[in-house]
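Only one structure is covered here, and it is reproduced in the block below.
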Amino acid sequence: PDEDGHELWLRYRKAGPDRLAEYRRALTHVVAPREDAAVTELLQGLSAITGRTVPHHTRPRRDGAVIIGTPDTSPDVAGFVDNSLGPEGYVIRTVDNAVVIASQGRRGVLYGAFHLLRLLQTQRHVTRLDIRERPANPLRLVNHWDNLDGSVERGYAGDTIFDWDALPTTGPRDLAYARTLASVGINGTVVNNVNANPAFLSTEMLTGFVGLAAVLREWGVTLYLSANFACPMVLGGLPTADPFDAGVQQWWRDKAREIYDMIPDFGGFLVKADSEGQPGPLTYGRTHADGANLLAAAVRPYGGIVMWRAFIHDFDPVTWASKSYKTFQPLDGQFAANVVVQIKNGPIDFQVREPVHPLFGAMPRTRTMAELQITQEYTGQSTHLCYLVPQWKEVYDFDTHAAGPGTTVARIVDGAAGVMNFGSDRNWTRHPLAAANTHGYGRLVWNPALKAAELAEEWVRMTFGGDARVVSTLTGMLLGSWETYEDYTSPLGVGFMIAGDHFTPNPAGNAPWNRADREGTGFDRTVATGVGYTGHYHLPVFQRYESLADCPDVLLLFLHHVPYSHRLHSGKTVIQHIYDTHWDGRDDAHRLRELWRSLKSRVDRSRYATTLERFDQQAIQATLWRDSIVSYYFEAGRVLDSSRSWTQV
Ligand code: GCU
């Protein structure tokens, strides 16, 4: 059958013979006071999975009831919920031949419903359930970089998934979109690009967003918008956007009132200011805190927040890594309580490997969130397989030592924003396996302690079913793919080996980044002899990064300039490591294609073919990358590759 549609991981297929009888016995009807999103989802999912119509009743009828609700709506669940659960947490418990899904809030019930369905989709037993979940963070957002003309900045799956022109009328795709986010616990979406067209806040557009917000609301997703700092000038005709100007303040207050009159649960604004040509407070001699607080004051009466981005693009490779740290760290303590500073995972720009951003842990009096990139701008776009959950886990697990050992990023942040990879393509992500990143992002932000291997396997089972060969092969492919991509592209954290398309190799064009010369390569960012970047980290991290002996191999060329003969902890010289990883990485990319081919008879024809075409492209690109990087370094250092003889090459 043709399976290449937008179901993504929400495929409800009839259970296999080993589970069908159990599921049919345990789950016969859904009990809730009224039909809402959670009930609809359960009816649809349970009916499809058990192959029987599972009805909705307001009271339990017989064995196999799935009783769902909040204490407010359903007396049946009152005894199961306690205060520590919160509005988004839930319990799922087997009680007397029934399953209870209970939460203090509507969102929690919805997440519990998706959890139960996930258990079925991943072929788990459901006869003795005792599950308790609550999210690690309140802010679990996605950021679309979608433009008014329908294009998507750094979008690799077609145009925007939203139909701006049709709004406020919404369609099946909007509904499917909201469900998909809810299924992995995402509770907020910023639908327009951070390079924000002011028109997104026009009355006309806002009128349209009322419709979208209504669909999102049903699924527990809050609507946010990116705001252009110059809106008071462009939309309001004011002569200035100065945050200290009374007229400007009034304009934002009026705009906030207008928005909340239409969308009472509007989440707030995301702002990119004074970066890459975007307007901002610096024009008026004000700070980023002044700018953020201006918008924050306007939305505060309604419970809204402002997510203010810390990313500041800098065309100078010498200063770029430190730019956002130096700009924002001194402002700690000056941001209003409803401002959250949104920090990219690394100090540069979503490279395949970067150190964790030094701002995490450097602003103890400021709310912060992590910005991760689901869309694979620098990691193969929609062509290469690059499962990013292992990368994101390294970010969450990174110990900043800000308040002593154990001050991990996971403990510091209030949540995350994932730059989205959905587009108008029929399957939403173009590369069918790229949806694993979207799924993994949501699930990891819900609980950063989840393991990459668990999440990868869960996605594979939900997306392709329980065939053991498919599960083990695909899970393994996903888990190794980041390292493979890193191997044949950018070695040892050097970064920016990539051309302006952020896809093809161009090491020579990026000499100021990789600094490859006759003797060695790498960017000296130490305090002792370099640009001083390592000094932004707290003590034990600073020492580790500053010292050539202790610096982790994977970040060596980001932090140090070393001779080609420098020995890594692995025992290899830097140059031999570069040669070997590029040859091996390219071979691994070709192996990915062979592994996919080995699943031909086990995957539906359509997804098989679409994905194979991706792997064909990746294989070609990986060879190109290998040859570009290897020859670049050979030209630079003239060191022979000791692992390969010329005849082999
Ligand atoms: C990167 C990306 C841009 C984006 C910017 C940002 O530089 O290439 O497209 O606008 O980051 O995050 O603001």
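Structural remarks
- Close amide H contacts of K344 (hydrogens built in the peptide plane, cut-off under 5 Å, sequence separation of 5 or more or a different chain): A310, F311, E371.
- Under the combined filter of DSSP loop state and at most 11 neighbouring Cβ atoms within 10 Å, the stretch 327-385 retains these trypsin sites (Lys or Arg not before Pro): R365.
- Estimated vicinal HN-Hα couplings, Hz - the stretch 38-44 in sequence order (Karplus 6.51, -1.76, 1.60; Gly, Pro = x): 4, 5, 4, 5, 5, 4, 5
- The stretch 472-581: trypsin sites (Lys or Arg not before Pro) falling in loop per DSSP and having at most 12 other Cβ within 10 Å: R518
- Residues in the stretch 91-123 that a label on D130 would reach, taking backbone N under 12 Å of a point 7 Å out along Cα→Cβ: 93-95
- Ordering T379, N137, V340 by Cα displacement along the dipole of the chain toward the positive end leaves N137 in first place; charges were set at the Cβ atoms of Lys, Arg (+1) and Asp, Glu (-1).
- Phi-based couplings in Hz for the stretch 203-214 (Karplus 6.51, -1.76, 1.60; Gly and Pro marked x): 4, 4, 5, 4, 4, x, 5, 4, x, 5, 4, 5
- FRET efficiency for the R257 to S151 pair, using the beta carbon distance and R₀ = 30 Å, is estimated at 0.40.
- Derived scalar couplings ³J(HN,Hα) [the stretch 54-59; Karplus, 6.51 cos²θ - 1.76 cosθ + 1.60; whole Hz; x for Gly, Pro]: 9, x, 9, 10, 8, 10
- Relative contact order, percent, the chain [alpha-carbon distance under 8 Å, six or more residues apart]: 11 percent
- Stretching the chain fully between A78 and H313 yields a gain of 79.5 nm (0.36 nm per residue, less the alpha carbon separation).
- Distance from the stretch 1-79 to the stretch 554-607 (C-alpha centre basis), Å: 44 Å
- Considered as an equivalent ellipsoid built on the Cα gyration tensor, the stretch 17-133 has semi-axes of 21, 15, 13 Å, the largest given first.
- Stokes-Einstein D in µm²/s, Kirkwood radius over Cα pairs - the stretch 563-644 at 10 °C with 1.306 mPa s viscosity: 110 µm²/s
- Only the Cβ atoms of Lys and Arg (+1) and of Asp and Glu (-1) were treated as charged; on that basis the dipole of the stretch 413-547 about its Cα centre amounts to roughly 160 debye.
- For the stretch 139-450, dividing the convex hull volume of the Cα atoms by the residue count gives 122 Å³ per residue.
- Annotation: amide H of F398 within the under-5 Å range of V409, A410, sequence separation 5 or more or interchain, hydrogens built in the peptide plane.
- Tail weight of P(r) past 16 Å, computed on alpha-carbon pairs of the stretch 405-510, percent: 70 percent
- Restricting the stretch 259-328 to chymotrypsin sites (Phe, Trp or Tyr not before Pro) that sit in a DSSP loop and have at most 12 other Cβ atoms within 10 Å of their own Cβ leaves F315.
- Under-5 Å amide H pairs with S226, H placed in peptide plane, nonlocal only: V191, N192, L270
- The stretch 236-332 pair-distance distribution - Cα-Cα, 5 Å bins, rounded %: 2, 13, 20, 22, 18, 12, 7, 4, 1, 0
- Whole-angstrom gap from the stretch 88-129 to the stretch 291-332, using each part's C-alpha centre: 39 Å
- Partners for K572 among aspartates and glutamates (Cα-Cα distance below 14 Å; same-chain residues under 8 apart left out): D553, D580, D641
- Projected onto its three principal axes, the C-alpha set of the stretch 341-417 covers 41, 22, 19 Å, listed from the longest axis down.
- Most tightly packed first, judged by the mean number of other beta-carbon atoms within 10 Å of their residues, the peptides 578-588, 605-615 read 578-588, 605-615.
- Ratio of Rg to Rh for the chain: 0.98 [Cα atoms; Kirkwood radius as inverse mean 1/r over pairs].
- Cβ charges +1 (Lys, Arg) and -1 (Asp, Glu), total dipole of the chain, debye: 1740 debye
- As a length-normalised measure over Cα pairs under 8 Å and 6 or more apart, the relative contact order of the stretch 1-159 settles at 20 percent.
- Taking only the Cα atoms of the stretch 13-79, the ratio Rg/Rh comes out at 1.00, with Rh defined as the Kirkwood radius.
- If both residues of a DSSP beta bridge must be in the stretch 139-450, then about 5% of such bridges are antiparallel.
- Centroid-to-centroid, using Cα positions, the stretch 445-511 and the stretch 144-162 are 23 Å apart.
- Computed E for E22/S424 - FRET, C-beta separation, R0 35 angstrom, nearest 0.05: 0.30
The numbers here are math on the coordinates, done by the rules we state, and not lab data. Computed from a predicted structure; not experimentally measured. Reconstructed Cβ throughout: ideal geometry from the backbone, glycine too, with neighbour counts over all protein chains shown.
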